[in-house]
Structures are given as C-alpha cells and as structure tokens.
Amino acid sequence: MIGRVRSQTSEASKFIVDWMEHRTGIVTILEHALYEPVPKRGTWLYTLGSATLLLISLQFLTGILLLFYYVPTTTEAWNSVYYIMNEAYFGQLIRGIHYWSANFLMATIGLHMARTFFSGAYKSPRELNWIIGVILLLLVVGLSFTGYLLRWDQDGFWASVVGIKIGSYSPFVGGYITHFLVGGDTIGPATLSRFFAIHVWLLPAAIAPFIGIHLYLLRRHGEFGSDIEYTDRLSKLRERQRMEEYDRYELEEDGHDENGRDRE
C-alpha cells in the first residue's frame, strides 16, 4: 500500500510538472536561471554570489516583518525594538536573522569581490558587471550604516555620530551630505526619520534593479574560466540537451508521451 501511494504521488507530481511546463515553461526557465557551468577549480568559490543574493533576500524578508512592530520615532524606537525582542512572536528569531545575516552579508560580499578580482573575472567583456558589483557594495554599506541608528541606543547613536563626522570631511560635498542626513545641527528625530526612509525605501529600491542587471550580465557573459575548459563544458551541455530533445522526439514518434505512457 505504501508503494502504491508513493507511485501515485510520483505520477501526480510528474503530471503537475508537465502541466505547468506545457502552459508556462517554468521548468525551462528555472533550468536556464539556475544552471550555470563554472570552472572546475575552486568550484565552491563560485557559490559566494548566490550566498550573497540569499543573504540580501533574507534582509529584505526579515526587514519587512520587523516593520510590523518597529516605530521610527526617538521616543518609541528603542521600546519597539525591546518589544520585538521580548514580546512579539518569533521576534527575537526574526531580528536575530536580520542582524546576523547583515554581518555575514558584508563578509560574503568581500569574499565574492576578492574571488572576482583574483580570478580576473573583471576583465573584458565583464568589466561593466564589475562596476555594477562595486555600486552594489556601496549601496549595501549604506544599508548597513543607516540601519545601525534605527535601534536608537548608545551604540547606534554614537556610531552614527562618528560616521557622519567622517563623511563631513569629504571635499566639496561633505557639508551638504552631512546636513542632508542629519536634518539639522545635531542628530535627532529628523535624522532618525531620514535614516529610516533611506534604509527602508530608497536603498532597497536602488539595490533591486542593480541585482537584476548584475544577474543579466552574468548570464550573458558567464563565469570566467579557462577558455578551452569552458568551451568544452558548454559543448557537452548543448550535446546533452540535444540528445534529450532527440529522445523526447523519438518517444513522441513511437506513440508515447513524454512519460512513456501509450497515447490513446
């Protein structure tokens, strides 16, 4: 009975997958999006980009959940964080994921860019993707800096004071940027409000399209590796896809569907 249930479940899942593929092409899209040949040496190093994307996705997801309880005012910001950590269901877990994924994100981005640099993956025709990656790094640093003040505790407050003070020494634009971020002469309610808007709305809205461009350019030019090795692996991939299409065509010509069942 267990074997029959398993076989029926398997047949049902195959039917659903075939039904979705025939109408939406979702399987083909996923295969094209997820499968990417990489050089044989240092294979695990090429997962750092995917790890970075996963951590950014965790930041977006947990950040949205935290918004349900966080209050961006100087009188309630710390209290709302305290409530999240001690009273809200799964609040400590969600904030912990948000906090630690932010720390791991900075380390992963650094390792990802180091791998890109030392493997020479920034060279033609991938130099534009390297520039996009640098822009993403700066945006993520801004995301980290603006999020630190939102706790509105002593650490976040004085770290923001030091960071803004350092930025004020930038030539030509330092004073304007400092005045814009602080919203006055000293850090206060206007600063918290502006940091909240930048952290929650402005920077995520800028990061999302740059991630899309980054992934598009990656798919267009592929990962960097030995030309001979890379060409050989791509040719084997195309040959395998061609053989699969040929086998599917043979089954259809013999009067069977793609699952091997006789046609009515």
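Each value in this text was obtained by applying a stated rule to the coordinates, not by laboratory testing. In this text, all values refer to a predicted model and were calculated from it rather than measured experimentally. For neighbour counting, all protein chains shown are included, and Cβ atoms are generated from backbone atoms with ideal geometry for every residue, glycine included.
Mind jotting down the distance between the C-alpha centroids of the stretch 159-208 and the stretch 88-113, whole Å? Here the answer is 22 Å between Cα centres.
Rounded to the nearest 500, what is the 222 nm mean residue ellipticity of the chain from helices alone, with -39500 (n - 2.57) per DSSP H run of 4+ residues and division by all residues? The partial results should precede the final answer.
Values: 11 runs with 190 residues, N = 264.
Value at 222 nm, helices only, nearest 500: -24000 deg cm²/dmol.
Quick check of the Kirkwood formula: for the chain, what is the inverse mean of 1/r over all pairs of different Cα atoms, in Å? It works out to 22.7 Å. Ranking Val27, Gly142, Phe224 by how far each Cα lies toward the positive end of the dipole of the chain (charges on Cβ) leaves Gly142 at the top. Note on Ala197/Leu251: beta-carbon distance plugged into 1/(1 + (r/R0)^6) with R0 of 45 Å gives a FRET efficiency of 0.20.
Note on Ala206 and Trp44: the extension gain reaches 55.4 nm, defined as 0.36 nm multiplied by sequence separation minus the Cα-Cα distance.
Using the Cβ-Cβ distance between Leu67 and Met243 with R0 = 51 Å, the FRET efficiency computed as 1/(1 + (r/R0)^6) comes to roughly 0.50.
So if we plug the beta-carbon distance of Ile26 and Thr178 into 1/(1 + (r/R0)^6) with R0 = 51 Å, what FRET efficiency do we get, rounded to 0.05? Spell out each step's value before the answer.
Working: r = 49 Å, r/R0 = 0.96.
For Ile26 and Thr178, the calculated efficiency is 0.55.
Using a simple spin-label model with pseudo-atoms 7 Å out from Cα toward Cβ, Tyr83 and Asp185 lie 3.4 nm apart. Per 5 Å bin, what percent of the C-alpha pairs of the stretch 95-223 does each bin hold, from zero upward? Histogramming the stretch 95-223 at 5 Å steps yields 2, 9, 16, 19, 17, 14, 11, 7, 3, 1 percent.
Summing Lys and Arg as +1 and Asp and Glu as -1 over all other residues whose Cβ lies under 15 Å from the Cβ of Leu30 gives a net charge of -2.
Please list, in order, the residues from the stretch 141-163 whose amide nitrogen is less than 19 Å from a point placed 7 Å along the Cα→Cβ vector of Ala107. Taking a point 7 Å out along Cα→Cβ of Ala107, the residues of the stretch 141-163 whose backbone N falls under 19 Å are 141, 144-145. About its Cα centre, the dipole of the chain is roughly 960 debye, where the only charges are +1 on Lys and Arg Cβ and -1 on Asp and Glu Cβ.
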